[in-house]
Amino acid sequence: MDKQDKPNFLWISNHDSSAWNYGCYGDQYADTPNIDRLAAEGVRYTNAFTAGPICSPSRTGIYTGMHPTTLGTHHHRSAIIRPEGVELLNAMLANAGYACTEPDGDINLYLSKDEPEQYYNAEDFWENRPEDKPFFMYYKLSSSHASVFKLTPEDARNKRSEMLEDEELHDPNEVPVPSFVPDTPLFRERMALFYDALTNVDKQVGEILNELETQGLSDDTIVVFWGDHGAGYPRGKIHAYDDGLRIPLIMRFPQKYRHLSSADPGATVDELVMHMDLCATTLQLAGIPVAEHIQSRSLCGPNRDEAREFVCSARDRLDNNPEMIRTIRTEKYRYIRNFLPHQPYASFYPDGGFFAAVPEEGTPERDFWETSCLPGEQKIHDPDGVFLILSPPVMIKQNGLPEHYRQFQIWQDHKPAEELYDIKKDPEEVHNLADDSAFCDVKDELRQKLFGWMIETRDLGLIDEAEIVARAAQYNGVSYEVGVHCNNLERILETADLARMGEDAKEELANRLSDPASAVRFWAVTGLCSLGVERTMIERLSALLDDPSISVSLAAGDYLVRAGEGALALPAFARALASDILWARIRAGAYLSYRSREELQPMKPLITALEQAMNKPEMFGPEHDSHIETNIYNGMLNGQRDGIGRVWVLERVIRRIELA
């Protein structure tokens, strides 16, 4: 393909919006005429899903064409050394003669300071682009980011909907209210602000498309609009439901490239696709060979891949919140496997839960309650706590959520091991069919396919985050190689799944506490913990407090703290807090951050270790040093250490222990 025959590409991404939030996807409350027009002129994918419901793993998947769980980028704002041969889409296009703007900055990979030298500045690209090259232009829009839910109407008007006229603002009285969220003035107000912000995004899209037309480039440019994951309200962003994973995806082909499209203008494509498929699709449309390590598929063009039978996604650590959720989606069903069912959905879970009365101000109980919230004025973290704001405007006052909402799992302090939803009959995914005997065969089949995908893709979520870093040291810090060389992944997964059997699994889990494989021991401890602590297991778990693996010893320590034996666990926590691995220090604090006053009372001797951990500069072993020194995104990594690790976790835990 000659350079003059290669199409240009214009990508427009938007932060934090589910597919159903757009007019072209059926939302009658939305006001998105420019995006709707783009869909009418292009192809709209109705079943497009993201690799994960959090921005950085999701966006890394797009730009590498790889599952984050394979590459090791599945934890939010992690820093991963790329294996040899893995390049970002922009670099692959630039090497093939494309003029490219910089890639997304919110990715979980080191990017050296000299790599962007081959890219153009997006702000003045139209003026400075070379006219003898095809281009790849990327716009990242963010008015609808989840933080809009935290803004007052005045702030949101100034910062997120400044392009709207007053008469274009959405009426809170007309807001669509999901069944699982209390219908309150606060919810309606904040959802209206979100839709205002989405209209702001739409106006920006209109300006971008108008500029493309003004430049005379519309006839040579394939336009792609996509979202990174769902909207920032409960059960959206960060959650493994359709609200968090089903995204808008629209592709518009000009007449000269229409033969490459998967359908005619204005058509919809209902097959299951992933947004990371945009990597292989773009390479193929540009006439560039797709490397063997790329796991995405081509959605159109002469080498269009066969439609998927299912798509799989993952949710792992978000800031302070340890997590491992895997899910599989077919046209009819969504199956979810929660590997840490003893963890609440919410990153910050209020003491006593969402249904308990909030303690009176000025009391020790209220002081302790405050430390279960995100530090800051609004005491919330997007998206789950956003509607539990105590400072004005008040949603729940002092009473907790109404009892009616106890039926919705999102507000509980734990999760079921399995969830199964009939998407056709239950699009909100609130009626869990996992325990319905009529759906046993469906559940078993989907679980088997999900587990098969996890093994095939070498899912690194099966190895604890701190242990991945420790194991990767022998591969020059490359996490991907840990999965490639793990020869017992099937047994690790089998152990991680045992707790699903309930009481019948306890004996086998106890037997595996002495397994020679550290990842098996980790899941044996974690499985027992998820089934509820028992005094009879204290001696067995105490033997693991000095396990060679920090991940195992810390999991055993968490079990003992829950069992009221925190004093025994002090050495395990102190060891993790002294680790050079940032994720071990954060995990130690995170485990404690969810514990009650009574459980934290024996932990006072740990305060010195917590204070030292706050000021520890190291984040990894020496194999990362050269990458950290040359990385252009160090601000995000430092933010995990100094913001999340220090403020959100360690300082908060110190305060909780002091108050306990």
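Calculate log10 I(q)/I(0) of region 314-376 for q = 0.11, 0.17, 0.27, 0.30 Å⁻¹, where I(q) comes from the Debye formula with a single equal point scatterer on each Cα and nothing for solvent. Log10 of I(q)/I(0), two decimals: -0.40, -0.72, -1.12, -1.23.
Per the Kirkwood formula on distinct C-alpha pairs, the Rh of region 405-556 is how many angstrom? 17.3 Å is the Kirkwood radius here. When you count the other C-beta atoms within 10 angstrom of each residue and take the mean per peptide, 152-165, 490-503 line up highest first as 490-503, 152-165. The shape of region 1-65 comes out oblate: with a ≥ b ≥ c from the C-alpha gyration tensor, a/c is at least 1.5 while a/b does not beat b/c. Relative to the Cα centre, the charge distribution of region 115-181, modelled as +1 at Lys and Arg Cβ and -1 at Asp and Glu Cβ, gives a dipole magnitude of about 400 debye.
Each eigenvalue of the Cα gyration tensor of region 559-632, multiplied by 5 and square-rooted, gives one semi-axis; in descending order these are 29, 11, 10 Å. Three principal axis extents describe the C-alpha atoms of region 151-222; from largest down they are 49, 26, 19 Å.
For the chain, the residue among Trp126, Trp226, Ala473 whose Cα projects farthest onto the positive side of the dipole built from Cβ charges is Ala473.
Rolled with a 1.4 Å probe across the full set of protein chains, the surface gives Lys443 an accessible area near 20 Å². For Thr608 and Asp124, the difference between the fully extended length at 0.36 nm per residue and the C-alpha to C-alpha distance is 169.1 nm. Debye sum, Cα scatterers, region 97-253, no solvent: what log₁₀ I/I(0) at q = 0.19 1/Å? Taken in order of the listed q values, log10 I(q)/I(0) reads -1.26.
In this simple spin-label approximation, Asp132 and Glu490 carry label points 7 Å from Cα along the Cα→Cβ vector, and these lie 5.7 nm apart. Given R0 = 51 Å, the distance between the Cβ atoms of Tyr405 and Thr214 translates into a calculated FRET efficiency of 0.50. With a Förster radius of 30 Å applied to the C-beta separation of Ala567 and Asp504, the computed FRET efficiency comes to 0.40.
Axis of helix 440-456 versus longest Cα principal axis of the chain: the two differ by about 80°, to the nearest ten degrees. The alpha-carbon positions of region 492-535 define a convex hull whose volume is 60 Å³ per residue. Among Leu450, Phe522, Ser542, whose Cα lies farthest out toward the positive end of the dipole of region 432-544, if unit charges sit on the beta carbon of Lys, Arg (+1) and Asp, Glu (-1)? The residue sitting most towards the positive pole is Ser542. Protection proxy ranking of 513-523, 136-146, 43-53, by the mean of other Cβ atoms within 10 Å over each peptide's residues and highest first, is 43-53, 136-146, 513-523. Taking the C-alpha atoms only, the angle from helix 550-562 to the longest principal axis of the chain is near 60 degrees. Surface exposure of region 1-141, expressed per residue as accessible area with a 1.4 Å probe, stands at 31 Å².
Rolling a 1.4 Å probe over the protein heavy atoms of the chain, with every protein chain left in place, gives an accessible area that is 46 percent carbon and sulfur.
Rounded, prolate or oblate: pick one for region 497-572, where a ≥ b ≥ c are the square roots of the eigenvalues of its C-alpha gyration tensor, a/c under 1.5 means rounded, and failing that, prolate if a/b is larger than b/c, else oblate. Here region 497-572 falls in the oblate category. All other residues whose Cβ lies under 10 angstrom from that of Met614 are scored, Lys and Arg at +1 and Asp and Glu at -1, for a net of +1.
In this simple spin-label approximation, His259 and Tyr29 carry label points 7 Å from Cα along the Cα→Cβ vector, and these lie 4.6 nm apart.
For Asp367 and Asp580, the FRET efficiency from 1/(1 + (r/R0)^6), where r spans their Cβ atoms and R0 equals 41 Å, is about 0.75. Given in Å, the Rg to one decimal and the Dmax to the nearest whole number for the Cα atoms of region 49-138 are 13.7, 40.
All other residues with a Cβ under 13 Å from the Cβ of Gly42 taken together, and with Lys, Arg as +1 and Asp, Glu as -1, what is their net charge?
Working: positive: Arg37, Arg44, Arg252, Arg258; negative: Asp36, Glu41, Asp264.
Net of charged neighbours comes to +1.
Just to confirm a number: summing +1 for Lys and Arg and -1 for Asp and Glu over residues other than Ala472 whose beta-carbon lies under 9 angstrom from that of Ala472, what do you get?
-1
Computed extension gain for Asp183 through Ala543, at 0.36 nm per residue and net of the alpha carbon distance, reaches 124.6 nm. Of all the C-alpha pairs in region 120-172, what % are more than 12 Å from each other? The calculated P(r) of region 120-172 puts 74 percent of pairs beyond 12 Å. Rounded to the nearest 20, the size of the Cβ-charge dipole of the chain about its Cα centre is 1140 debye, with Lys and Arg at +1 and Asp and Glu at -1. Farthest toward the positive end of the dipole of the chain, out of Ala588, Pro248, Gly461, is the Cα of Ala588, where the dipole comes from beta carbon charges about the Cα centre. Only beta bridges with both residues in the chain are counted; by DSSP, about 55 percent of them are antiparallel. When the P(r) is computed for the chain, the part past 40 Å accounts for 28% of the Cα-Cα pairs.
Distances longer than 19 Å among the Cα atoms of region 512-660: what percent of all pairs is that? The calculated P(r) of region 512-660 puts 52 percent of pairs beyond 19 Å. Computed with a 1.4 Å probe over protein heavy atoms only, the accessible surface of region 191-299 comes to 27 Å² per residue.
The values are calculated or read from the model by the stated rules, or taken from the named source; none is laboratory data. If you're wondering where the values come from, they're calculated on a predicted model, not measured in any experiment. Cβ atoms come from the backbone with ideal geometry, glycine included; neighbour counts cover every protein chain shown. The protein model used for the area step is the full one, side chains on, heavy atoms only, and it has no ligands, DNA or RNA in it. Shrake-Rupley method; radii C 1.70, N 1.55, O 1.52, S 1.80 Å.
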